[in-house]
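Data first, discussion second: the structure below is written as structure tokens.
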Amino acid sequence: MSETTTTPAESGRSRTGEDQPLVRAVNVMKSFHGNEVLKGIDLDVHRGEVVCLLGPSGSGKTTFLRCINQLETVDGGRIWVDGDLVGYREEGGHLHHLTDKQVASQRREIGMVFQRFNLFPHMTALENVMEAPVQVKGVARKTAKARAVELLEQVGLGDKPSSYPAQLSGGQQQRVAIARALAMDPKLMLFDEPTSALDPELVGEVLRVMRDLADQGMTMIVVTHEMSFAREVADHVVFMDGGVVVEEGKPKDVIGNPKHERTQSFLKRMRTEHDDNP
């Protein structure tokens with residue numbers, strides 16, 4: 001899928017590792033009906049970093065993303081985004097749930113792109129990108145439209161503003177979904193296997209947009225099975241299994257020279273599947 005082997009360091013992306021993390025997760029736990037899905041996840045993500053979460057289905061990767069964006073509430077531990085405790089306020093050593101309005105305000109700062117595109121089928125690409133800034137942030141329609149045009153150009157769809165989702169390929173729809181998330185000017189972008197629902201020949205066009213975002217310094221947490229993307233674009237790779245972090249580090253270490261047997265077997269299986277489905 002990849003057209004370049006440029007590493008993050010070679011791309012000239014700015015990394016600010018010495019500052020406070022944009023995202024800090026400490027001992028995050030989550031259960032569903034007694035099943036522990038997250039068993040104490042710790043993770044720091046600094047501004048401008050790209051972190052890729054790898055692991056088999058059911059390892060907790062998507063649940064962790066959803067906890068960051070408050071689509072799920074944590075059962076234990078804490079998550080901060082840009083210094084703000086996610087989903088709660090703390091008073092006198094006790095946590096209190098935020099109101100729905102406060103949660104929505106925090107969520108506006110975080111863009112999320114799902115496996116499925118979730119576009120409004122009755123709206124054009126341009127209208128899909130304009131909708132949230134107008135309805136949620138109260139941006140004037142003229143201003144929102146001008147910004148939406150810019151974003152469609154940015155994701156390579158400047159010629160598709162009047163197209164409805166049904167008239168677009170899966171890759172084009174996913175790029176509209178990325179533009180829609182960017183329209184809210186988020187400080188953090190979350191991607192939940194954004195290419196998994198795409199035909200193989202369409203994967204590259206979405207990954208190119210994500211590479212461009214990384215080069216522009218967007219902070220990103222990406223759940224992916226695209227090993228080439230993780231190897232070339234990520235600053236930090238986290239391998240999860242069974243609700244825990246098994247191994248983490250630089251891509252060259254985790255992907256190129258994994259230490260843990262579970263990581264080794266997962267990557268071997270991924271290589272086998274890729275060889276079987278070129």
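The values are calculated or read from the model by the stated rules, or taken from the named source; none is laboratory data. Bear in mind the structure is a predicted one, so any value in this text is a computation, not a measurement. As a convention, Cβ positions derive from the backbone with ideal geometry for all residues, glycine included, and neighbour counts pool all protein chains shown. Accessible surface areas use protein heavy atoms only, side chains included; no ligands, DNA or RNA. Shrake-Rupley method; radii C 1.70, N 1.55, O 1.52, S 1.80 Å.
Could you check how much of the accessible area of the range 10-163 is carbon and sulfur, as a whole percent, using a 1.4 Å probe? Ligands and nucleic acids excluded, carbon and sulfur give 47 percent.
Using all pairs of distinct alpha-carbon atoms, the Kirkwood hydrodynamic radius of the chain works out to 19.5 angstrom.
Using C-alpha pairs below 8 Å separated by at least 6 residues, the relative contact order for the chain is 26 percent. Solvent-accessible surface of the chain, averaged per residue with a 1.4 angstrom probe and all protein chains in place: 49 square angstrom. Beyond 32 Å in Cα-Cα separation lie the following of the pairs LYS145/LYS252; LYS39/LYS145; LYS30/LYS145; LYS61/LYS142; LYS30/LYS252; LYS30/LYS259: LYS145/LYS252; LYS39/LYS145; LYS30/LYS145; LYS61/LYS142. Three semi-axes describe the equivalent ellipsoid of the range 124-248; taken as square roots of 5 times the Cα gyration tensor eigenvalues and ordered largest first, they are 28, 17, 12 Å.
Among residues other than ILE110 with Cβ under 10 Å from its Cβ, the summed charge is +1 (Lys and Arg +1, Asp and Glu -1).
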